[in-house]
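This report refers to the structure that appears directly beneath it.
Just so it is clear, none of the values below were taken in a lab; they were calculated from the coordinates. Bear in mind the structure is a predicted one, so any value in this text is a computation, not a measurement. All Cβ positions, even for glycine, are placed from backbone atoms using ideal geometry, and neighbour counts span all protein chains on display.
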Amino acid sequence: MTDGELVAKLAELGIDENSWRVLALLPLVQVAWADGTIQKKETRVIEDIAARHGMLVGNGAAILQGWLKESPGHKYLRHGRRALAALTQRQPMIDGIENDVATLLGYCERVARAAGGLYKVAFTVDPLEKLAIFEIAEALEVTAHDAVDWSEVAAL
């Protein structure tokens, strides 16, 4: 994807040069909505990550609130993953996400675990949320040899 195509794709997603950092939150939102509903704990985790990393500049806060209010459609998510993959190829260390896509996937798992589990002892992840994480990993070209223990990354 050329730079011009990436800018056009971001514009289609409602993202501009001031709010592009919010795109890194779209995978977290995808995981949160994967089971058909977003839970308050998942929303809090996403908002905490966004605030901690300063990802809501420009109209990023409004974009995120839209995603949290209504699930982005499959086509939007697919285009968002493609744009994020192109962006991470250009800038592997996204502003706001200190490390790389492995950290992003760790945050996805943190979202998935936010609403599952028994007394914070036994964590469960919905199978649809697991599937979403694997879709995201595939789109971001994380291969088996790149695999990390996402639960350790999520503890960051």
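Taking Cα centre as origin and charging only the Cβ of basic (Lys, Arg, +1) and acidic (Asp, Glu, -1) residues, the dipole magnitude of region 1-108 rounds to 280 debye.
Extension gain for Ala61 to Arg44 (0.36 nm times residue separation, less C-alpha to C-alpha distance): 4.8 nm. Full extension of the chain segment joining Lys130 with Ala85 gains 14.3 nm, where the gain is 0.36 nm per residue of separation less the Cα-Cα distance.
Cross-link partners of Lys9 among lysines, defined as those whose alpha carbon lies under 27 angstrom from its own and excluding same-chain residues fewer than eight positions apart: Lys69, Lys75, Lys130. The order of the peptides 4-15, 73-84, 19-30 by mean Cβ neighbours within 10 Å, most packed first, is 19-30, 73-84, 4-15. Between His74 and Met1, the simple spin-label model (points 7 angstrom out along Cα→Cβ) gives 2.0 nm.
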